[in-house]
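Every read-out reported here was derived from the displayed coordinates using simple, explicitly stated rules and does not represent laboratory data. What you see is a predicted model; the values in this text were computed from it and never measured. Neighbour counts run over all protein chains shown; Cβ positions are idealised from the backbone, glycine included.
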Amino acid sequence: RWLWGSVAGDEAEALSTEEAFGRECARELAASFPGRAAADDRNRVAEVGARLAAGQGDRPRSFELRAVAAPVPNAFALPGGFVFVTDALLRLCADDRDALAFVVAHEMGHVRLSHARDRFMADLVFDVVGRRVPAAGQVVREMLGKGYSRQQELEADREAVHLMTAAGFHRDGAVRALERLAEQTPEDAGSASEYFSTHPRLEDRVRALREEFRGSS
């Protein structure tokens, strides 16, 4: 139904079916995190996410943000605006609200730019053509393991900075967030290499942001 609505329906139907599919995927992903994030972490993510969502301007999307307990610094965006941030990544941001805003806004950017939807749709089309319709849990595991292209990550970074500044956060938090991640090693953060495996070189992203800041100043 989601595939058909995304391809054949009008914009409202496409968004509705995307949200329904994303909600099912979110249930599957939430079940893979048996622990519960601390209340302070959940509140921080909800507060920053609400502020970013309120500053979207034209063509706003709905978002549901969740902090989850996990030893790996990571964040995920699912179709329909469902965003997960691990408490390990929150610890890297510490009390830096601008850095956290970038982490959340980056994932929101993947949704607003349709990267999350397109990543899931591409593989589902191949599965349907091949007469194999995978369960939602299988889809989530496969898609999140593949990551985005370098170009999509850079686009999501730029969109994140736009969302941050529109919501009153300082764009320098973007660079600080990426630099903190770049300082981590697998020894420092357990399975931090999982985050790096699905993202372009952090140094390249910092360089691209600094160049954009110089161009817009």
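Hey, quick one: spin label on Ala166, modelled 7 Å out along Cα-Cβ, who in the stretch 52-89 has an amide N within reach, i.e. under 16 Å? Residues passing the 16 Å test: 52-64, 81.
The chymotrypsin sites (Phe, Trp or Tyr not before Pro) of the stretch 1-109 include none that meets both criteria, a DSSP state outside H, G, I, E and B (loop) and at most 10 other C-beta atoms within 10 angstrom of the site's C-beta. Normalised radius of gyration (Cα atoms, divided by 2.2 N^0.38 Å) for the stretch 27-78: 1.26. Annotation for Asp118 and Glu13: the two label points, set 7 Å from Cα along the Cα-Cβ direction, are 2.3 nm apart. Across every direction, the projection of the convex hull enclosing the Cα atoms of the stretch 1-104 has a mean area of 6.9 nm². Here the spin labels are modelled as points 7 Å beyond Cα on the Cα-Cβ line, and at Arg23 and Arg201 they lie 4.4 nm apart.
The residue among Phe82, Gly57, Leu92 whose Cα reaches farthest toward the positive pole of the charge dipole of the stretch 57-109, with charges on the beta-carbon of Lys, Arg, Asp and Glu, is Phe82.
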